[in-house]
C-alpha cells in the first residue's frame with residue numbers, strides 16, 4: 001500500500017517556488033537525497049512536460065508528479081510538498097498547492113492507493129488533500145441520501161393517505177431530480193457543514209422535492225394541467241407562488257405583479273452589499 005510508504009521526513013511545507021521546473025525539482029529532492037530516485041528522474045519529468053504539457057495536474061490544487069520508472073526510479077517511495085502560494089504549470093493551467101511526488105518501480109500503483117495515502121495524511125495544518133481530491137464523494141452521498149429522503153417522504157405520504165388525514169397524491173422518488181439536484185445539494189451542504197451538513201442537507205432536499213410537488217399539483221390543476229407537477233424544488237416553489245398569483249389576479253394587476261417579481265432580484269443585485277474578496 002502507498003500509505004505505508006509515506007514517511008514524515010518526506011513531507012514539507014514551502015512558502016513558494018519560482019517556477020514549475022523548480023516545483024518538480026523541489027518535490028523530488030527528498031527522494032533523491034534518500035536514494036529512491038536519481039537526478040535523471042526529475043530531468044525526465046521536465047523533458048516530458050516540455051513535450052506533452054503538465055499531464056500530472058489532476059485537479060485544482062493537486063498534482064501527482066511522476067515519470068517513467070526507467071528514467072531513474074531505484075525504489076518505490078512517495079513525497080508530499082505543500083505550497084502556501086500556488087504555482088501554475090502552464091499559463092492557462094490550474095493553480096497547484098499540493099505536489100505528490102511518486103517514484104514507482106512499475107505501473108501497479110493505482111489511483112485508489114494514492115487516495116488512501118491522502119486520507120491517511122493529516123499532519124499538515126490547514127490542508128485536507130483527501131477532501132479536496134475526492135470531491136466526487138459528496139456528489140454520491142448527496143444523491144443517495146436525497147433519494148433516501150424521497151423514499152421516507154413517500155412513506156409519509158402513504159401514511160397520511162392511509163390514515164385518511166388528507167387526500168394527497170403519492171410522489172414517487174425520481175432518479176433524475178435526486179441525482180442532479182440531490183447531488184448538488186450535497187456538494188453545497190458539504191461546503192458549509194462538512195459530512196454532517198452533506199447528509200442533513202441532502203436528506204431534507206429529498207423531503208423537499210417530495211412534499212413541494214404535492215402543494216404544486218393543485219395549482220397546476222387549477223390552471224388546467226390536471227395531474228401534473230414539477231419535480232425540482234425551484235420549479236415547485238416558483239410554480240406555487242406564480243400559480244396562485246395567476247389564480248387570484250388578472251389583467252393589468254397580474255402584469256404589474258409579474259414585472260415587480262422580475263425586477264426584485266435585479267434591484268437586489270445592485271443594492272446588496274458585495275462580500276469582500278478574500279486575500280490569497
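Just so you know, all these numbers are worked out from the coordinates, no wet-lab data involved. Everything quoted here is computed from the prediction, not taken from an experiment. Please note: Cβ atoms are built from the backbone with ideal geometry, for glycine as well, and neighbour counts cover all protein chains shown.
What to note about this one:
- Check on residue 143, out of contact with any strand residue (DSSP E or B) (no Cβ under 6 Å at 6 or more places or on another chain), more than 30 Å from residue 248 (Cα to Cα) and surrounded by fewer than 16 Cβ atoms within 10 Å (Cβ to Cβ): no
- Boolean, residue 168 is outside any helix (DSSP H, G or I) and on the phi < 0 side of the Ramachandran plot: yes
- Residue that is surrounded by the fewest Cβ atoms within 10 Å (Cβ to Cβ), among those in region 196-211 that are touching a helix residue (DSSP H, G or I) at 6+ places or on another chain (Cβ under 8 Å) and more than 21 Å from residue 157 (Cα to Cα): 197
- Summed over region 212-234, residues that are assigned to a helix (DSSP H, G or I), touching a helix residue (DSSP H, G or I) at 6+ places or on another chain (Cβ under 8 Å) and more than 14 Å from residue 184 (Cβ to Cβ) total 8.
- None of 206, 237, 201, 194 is within 30 Å of the chain's Cα centre (by Cα), at positive phi and assigned to a helix (DSSP H, G or I) except 194.
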